[in-house]
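To start, the structure under review is shown below, and the notes come after it.
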Amino acid sequence: MKIDLPVDLSNLRDITDGTFSLYFHEYIHFIQDISTIYGLMNISTITYYIQDVAHRVGKQQAKEFTIPMPLLNDNRDYGFNNFALRKFYIGSGINPKHTKINLVSYRKKMAQWGESPEDELPVVIVEAKDLNTQEHFEFEFGGNHITEGMAYLCEQYVYSDILKQQGHIIPADEYPYLVALKIAELIYPELAKEPLLVIAACDASLMTYHPGLSYIRLLDNLRQTDFLSNEIGIGDLYNRAKVLLKGSHEDFDTVLETVRNEIKLNFKDKNFEGNNQWVDLLFDRIKDFRSKVPEFITDILQFGDLKKNEIFGMFHSLFGSPLVLNGEEDATISLPLGFIPNNFHPSLFWAINQMLRIFSNQQPTPCELKEYCLKSSRHDPKLKVDSRCDTAPWERCQDTDLCPVAIVWRHWGLSPYVPVPQAV
């Protein structure tokens, strides 16, 4: 989690309400990652790519490998297919942002995701108008817009009135943060006036692989059946969505267990056992929440101000947080209640994400941990930062004292190998 403000985040009770609203937005994304099928499948797809590339590199004779490194084209492999489908599930990117927009219309179309004529899936295309420039643009509505829209609506629900009383307004670029709400206004205007129901619809749609399409289907169904006139609650919306959107999906528990095992393959050494224990604890607890109280997020919201919110306090105590960085790259982490680990290295999760950057040759630098490591060196003098951080962090695996990326590079048996950018 990144909160791009120069504030101490080690004690949430001491931060301002404005800072807490930003923290809550990012914390909702953390919840989405571990508690929804869409979030878990994103983790699975990225993990599959990283592990597949690392495995193939580790078996080759040549000591150099070309980046970006693609997956092997094998449509019989679920991982390859999921990777190909992912861009349709997440939808268009959230940049460039638009301050104020009007949604003109939406339509469904069939998109080709594979080489076979049968490799098609429906996607949702939205036409919008930028009210500042008067220009029209189109985008594919997907998980990007639902996750951001849901997080923003959660943040607003708790903090809009609190901050207005203090003379502050939470700013938002309507693209992407209000897209989900504006689509609800197009399909079911009456429901769009009930923010908790819109949030619940977003959350329920994220319990599928293809949340953009699921969100449209769910809102259509709620309107057609006149959901609001029946005086039923949020729990009923979740039950309706579960039946309506099930399709051929694996259930949440099955997806969670698959992803749990995939993540733990990253840490096969006993020196990293604390990382696996952390994953087990979070996954065990979130599985319990989803099965027993699927509407737990809206339950949290209804108790308001997070500093006084006993439900949020209980949830945050049980789950803690991932590594949280402020605008000065100072890091803190909240450990889950009852978690007293040996050999817990949370920075390695971030380091693994740098494997994605390296293998796919993301720019501008192959490692984002430099400033974090520089700050951490105040507490751990063995952690050094030098020019290799900006050019070749994998070379550090030959050092006596290893940085997080070098630990992963060596642990995965990649020490002899050097990535070489593909010639342009």
Seminar exercise, completed: Label model pair Asp380, His136: point-to-point distance (7 angstrom along the Cα→beta-carbon line) in nm is 5.5
Exercise. If exposed GluC sites (Glu not before Pro) are those in a DSSP loop with at most 14 other Cβ within 10 Å, what is the longest stretch of the chain that has none?
Worked result: 1-114
Seminar exercise, completed: Whole-percent tail of the Cα-Cα distance distribution for region 296-399, cut at 17 Å, equals 65
Exercise. What number, in percent, do you get for the relative contact order of region 91-244 if the mean sequence gap of Cα pairs under 8 Å and at least 6 apart is divided by its residue count?
Worked result: 22
Exercise. Radius of gyration and Dmax for region 91-244's Cα atoms, expressed in Å?
Worked result: 16.2, 58
Problem set entry | Ser415 versus Asp226: modelled label distance in nm, points set 7 Å from Cα along the beta carbon direction | 7.2
Exercise. Excluding same-chain residues fewer than 8 positions from Lys287, which lysines have a Cα within less than 18 Å of its Cα?
Worked result: Lys242, Lys246, Lys264
Problem set entry | 21 Å tail of the calculated P(r), region 164-278, as % of Cα pairs | 52
Seminar exercise, completed: Taking a ≥ b ≥ c as the square roots of the eigenvalues of the Cα gyration tensor, with a/c under 1.5 meaning rounded and otherwise prolate when a/b exceeds b/c and oblate if not, region 384-424 is oblate
Seminar exercise, completed: FRET efficiency (His249, Phe339; Cβ distance; R0 35 Å; to 0.05) is 0.70
Problem set entry | Arg260, Arg378 arranged by Cβ crowding within 10 Å, fewest neighbours leading | Arg378, Arg260
Exercise. What's the lysine pair count for region 290-424 at a Cα cut-off below 29 Å, pairs eight or more apart or interchain?
Worked result: 6
Exercise. Projected onto the charge dipole of the chain (+1 at Lys/Arg Cβ, -1 at Asp/Glu Cβ, origin at the Cα centre), which of Ala200, Leu369, Met314 gives the Cα projection farthest towards the positive end?
Worked result: Leu369
For this session: Give me Thr225, Thr298 ranked fewest to most by other Cβ atoms within 10 Å of their Cβ, as a rough exposure proxy.
Result: Thr225, Thr298
For this session: Go through (i) 71, 48, 43; (ii) 67, 57, 46; (iii) 63, 55, 39 and flag the label whose value is the computed Cα extents along the principal axes in Å for this structure.
Result: (ii)
Seminar exercise, completed: Per-residue Cβ contact counts at 10 Å, fewest first, order Arg107, Arg396, Arg290 as Arg107, Arg290, Arg396
Problem set entry | Spin-label pair Thr365/Asn95, simplified geometry with 7 Å Cα→Cβ offset, distance in nm | 1.6
Seminar exercise, completed: For region 254-389 the mean separation of alpha carbon contacts under 8 Å (6+ apart) over residue count, i.e. relative contact order in percent, is 19
Exercise. Between region 400-424 and region 280-315, how many Å separate their Cα centres?
Worked result: 39
Exercise. Suppose every K and R has +1 on its Cβ and every D and E has -1 on its Cβ; what is the size of the dipole of the chain about the Cα centre, in Debye to the nearest 20?
Worked result: 680
Exercise. In deg cm²/dmol and to the nearest 500, what is the mean residue ellipticity at 222 nm of the chain if only DSSP H runs of at least 4 residues count, each as -39500 (n - 2.57), divided by the residue total?
Worked result: -15500 deg cm²/dmol
Problem set entry | Residue-span extension gain [Asn271 to His168] - 0.36 nm each, minus C-alpha spacing | 32.4 nm
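No lab work stands behind these numbers, since they all come straight from the coordinates. Values in this document were obtained by computation on a predicted structure and should not be read as measured data. Positions of Cβ are generated from backbone atoms using ideal geometry, with glycine treated the same way; all protein chains shown enter the neighbour counts.
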